[in-house]
Amino acid sequence: MPMLPLLFRALARFTTMLLCSPATSVATILYYSNVLPRDARLEQLVLHGFLHDGDQNHFFYFIISLLRCIYA
């Protein structure tokens, strides 16, 4: 499978999620990168099953890994 359709699909899903629900997607990214403070109100915004839907979340995984490296 060529890489371009795979990356295009991941980018489309990433931008759709950011445009539809920006607070939830940012909270999910910060939570999984261990940057979000542990607060019950903030954790209500996190989508716990979103990153485990399959292999279509490449950009989310990239951003989470990047934030883990920066804030580690």
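Quick note: the coordinates plus some simple rules give every number you see, no bench work behind them. This one's a predicted model, so the numbers in the text were calculated from it and none came from an experiment. When we count neighbours, we look across all protein chains shown, and the Cβ atoms used for this are built from the backbone with ideal geometry, even at glycine.
Data table
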read-out: Projected label distance in nm at Val35 and Tyr71, using a 7 Å step from Cα toward the beta-carbon; value: 0.6 nm
read-out: Low-density loop cleavage sites - trypsin sites (Lys or Arg not before Pro) in the chain, where at most 16 other Cβ are within 10 Å (DSSP); value: Arg38
read-out: Order of Tyr31, Tyr71 under a 10 Å beta carbon neighbour criterion, fewest first; value: Tyr71, Tyr31
read-out: Rg/Rg_globular for the chain, with Rg_globular taken as 2.2 N^0.38 Å and Rg from C-alpha atoms; value: 1.14
